[in-house]
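Working notes, beginning with the structure itself.
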Amino acid sequence: MNRLRRSFGFALLMPAWPALAQWLGPYSLTIGLSQIDAVLARRFPLKRRLLDLLDIELGTPALRLLPQDNRLGANLHLQVTDTASAQRVGGLMGLNFGLRYGAKDASLRLVQPRLERIEFDAGPAGAGQLDPQWLHTAAPIVARLLDNQAVYRLKPEQLAAMRRAGVQPGEINVTPLGVEIRIEPMPEAPDPAR
């Protein structure tokens, strides 16, 4: 019942949103790290073959907020297997990403991956069995696998309510509480009479 009241109240306020927004100030939608983690848990582990030479498996990223850089950080386990010899090496990769909104599918996407570090396990299954040059060549390619990966999608009812109110997702900021998407007025359509 409370959900129905909130939805009804929200629906009543949406037509007046542009006027209210000027009076109340900017509005935003904050997506918590746990919500993004839940989306990524369904998409990982991610497996790819590179140049028919290496098989790469990426574990589910452990995300962290980097509000000082307006980016998301990620640590993930990876396993690289030489397809010819079946030798494998495991390791840990640290990356960070910018974020962008994809209007076509209402998604929040990772962009501009930056490799922070890569560490390979030592010992019998360590990097000594695979050519280190291959491993370090593979690292930027692995980062690119995550480029443009959708980490969240707005719900259709959220988008419909925004359209009715004449607002749309805008600027994206990483804050200590999560990823904040500012809600901004839609640009006015040009007047065809002019």
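The values are calculated or read from the model by the stated rules, or taken from the named source; none is laboratory data. Predicted model only: the values in this text are computed from it and were never measured. Note: ideal-geometry Cβ built from the backbone for every residue, glycine included; neighbour counts use all protein chains shown. Surface areas here come from the heavy atoms of the whole protein model, side chains and all, with no ligands, DNA or RNA. Shrake-Rupley method; radii C 1.70, N 1.55, O 1.52, S 1.80 Å.
Quick notes on this one:
- Any pair with Cβ under 7 angstrom, 6 or more apart, that starts in region 48-76 at a residue that is on the phi > 0 side of the Ramachandran plot and ends at one that is at pLDDT 90 or above and open to solvent by less than 70 Å² (accessible area, probe 1.4 Å): N70/N173; N70/V174
- Residues of region 23-42 satisfying the condition of being under 20 Å from G91 (Cα atoms) and open to solvent by 40 Å² or more (accessible area, probe 1.4 Å): A41
- Residue satisfying all of: in region 77-107; touching a residue at least 60 places away in the same chain (Cβ under 8 Å) and surrounded by 15 or more Cβ atoms within 10 Å (Cβ to Cβ); nearest to the chain's Cα centre (by Cα) among these: L99
- Where a residue in region 33-45 is over 19 Å from H77 (Cβ atoms) and its partner, wherever it lies, is surrounded by 12 or more Cβ atoms within 10 Å (Cβ to Cβ) and of a type outside the set (A, V, I, L, M), with Cβ under 9 Å and at least six apart: S34/G178; Q35/Y152; Q35/G178
- A single entry from L66, L51 fulfils the requirement of being surrounded by fewer than 16 Cβ atoms within 10 Å (Cβ to Cβ) and at pLDDT below 90: L51.
- Checking each residue in region 108-127 for being modelled with pLDDT under 75 and either touching a Gly at 6+ places or on another chain (Cβ under 7 Å) or surrounded by 13 or more Cβ atoms within 10 Å (Cβ to Cβ) (or both) picks out A125, G126, A127.
- Scope region 102-121; condition among the aliphatic types (A, V, I, L, M) and in a strand (DSSP E or B); matching residues: L108, L110, V111, L115, I118
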